[in-house]
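Here's the structure, in structure tokens; my notes come after.
The values are calculated or read from the model by the stated rules, or taken from the named source; none is laboratory data. In this text the structure is predicted, and so the values were computed from the model without any measurement. Here the Cβ positions follow ideal geometry from the backbone for every residue, glycine too, while neighbour counts run over all protein chains shown. All accessible areas refer to the heavy atoms of the entire protein, side chains included, with ligands and DNA or RNA removed. Shrake-Rupley method; radii C 1.70, N 1.55, O 1.52, S 1.80 Å.
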Amino acid sequence: MRLIETVPFSTVLEVYRGDHPVDRPHASNTNQDGEDVLRMADQLLGTWHRVLLSREEVLGVVLPWHLSEGGGRVLVPRSGRTVGEAADLVREGGARMAAANPVCSDKLALFREAPLTPVYLSTVPVPHPDYSDLETRTGLIHLDGLHRTVAWALSDRLPEDERTEAFVAGTPDTAPPGAPRTGTV
């Protein structure tokens, strides 16, 4: 992970709202929910950093509970699952997974080709019911970007080097590769 800069929460919100308008007309627009979770992270941690993540780091981001947009099959259990594990589940589930979770599958299809945008993470789970049973309590925890990161993993859009932009609430571990790391997933 490469730390670019410390940013105020107002910058985080400005970038988020530019990419994720609350009034965007599409099925299951959860952008207001995303903004609410960002606010929880800001209240909990109060510090934000703009960083660049490697493929390995994105695949290791811990996702909270997700029932696939009201679908018939859980994408992420209450205990959590990494982006890489969720992508593997979607691959393995194939057409059955897509049929059981049509809205989620549509979002994954959209983000396989949509422009890359920043993801939003935290160094600890936020006080929200979807995060309460996460087994991982520190590291890179998803706030917004679940469908994007899983879609990027499925379509091989994650570069090996540090190029995926993220905003992280809290102080992320930025130890150089190969150095002992603390607080990572």
Checklist entry - Taking the stated definitions as given, is VAL62 touching a Phe, Trp or Tyr at 6+ places or on another chain (Cβ under 9 Å), modelled with pLDDT of 95 or more and open to solvent by less than 10 Å² (accessible area, probe 1.4 Å)? => result no
Checklist entry - Which condition breaks for VAL74 when tested against (1) modelled with pLDDT of 95 or more; (2) among the aliphatic types (A, V, I, L, M); (3) in a loop (DSSP other than H, G, I, E, B)? => result (1)
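Table: residues versus (1) open to solvent by less than 20 Å² (accessible area, probe 1.4 Å); (2) within 29 Å of LEU13 (Cβ to Cβ); (3) assigned to a loop (DSSP other than H, G, I, E, B).
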residue: SER79; (1), (2), (3): no, no, yes
residue: VAL103; (1), (2), (3): no, yes, no
residue: GLU135; (1), (2), (3): no, no, yes
residue: GLY139; (1), (2), (3): yes, yes, yes
residue: LEU158; (1), (2), (3): yes, yes, yes
Checklist entry - From the list ARG181, ARG148, which one is assigned to a loop (DSSP other than H, G, I, E, B), among the basic types (Lys, Arg) and modelled with pLDDT under 95? => result ARG181
Checklist entry - So which of LEU67, LEU89 ends up being open to solvent by 30 Å² or more (accessible area, probe 1.4 Å) and either under 27 Å from ASP161 (Cα atoms) or free of Cβ contacts under 8 Å to residues at least 40 places away in the same chain (or both)? => result LEU67
Checklist entry - Quick one: in region 115-129, which of the residues that are of a type in the set (A, V, I, L, M, F, W, C) and open to solvent by less than 20 Å² (accessible area, probe 1.4 Å) is farthest from PRO159 (Cα to Cα)? => result VAL126
Item to check | Top-ranked residue in region 163-176 [being assigned to a loop (DSSP other than H, G, I, E, B) and open to solvent by less than 50 Å² (accessible area, probe 1.4 Å); ranked as modelled with the highest pLDDT] | outcome: GLY170
Checklist entry - How about region 33-71: which of its residues are outside any loop (DSSP other than H, G, I, E, B) and at positive phi? => result none
Next on the checklist: Just to be sure I understand, how many residues within region 105-133 are at pLDDT 95 or above, assigned to a loop (DSSP other than H, G, I, E, B) and aliphatic (A, V, I, L, M)?
Outcome noted: 2
Checklist entry - Any chance region 147-165 includes a residue that's in contact (Cβ under 8 Å) with a residue 12 or more places away in the chain, on the phi > 0 side of the Ramachandran plot and within 10 Å of the chain's Cα centre (by Cα)? => result no
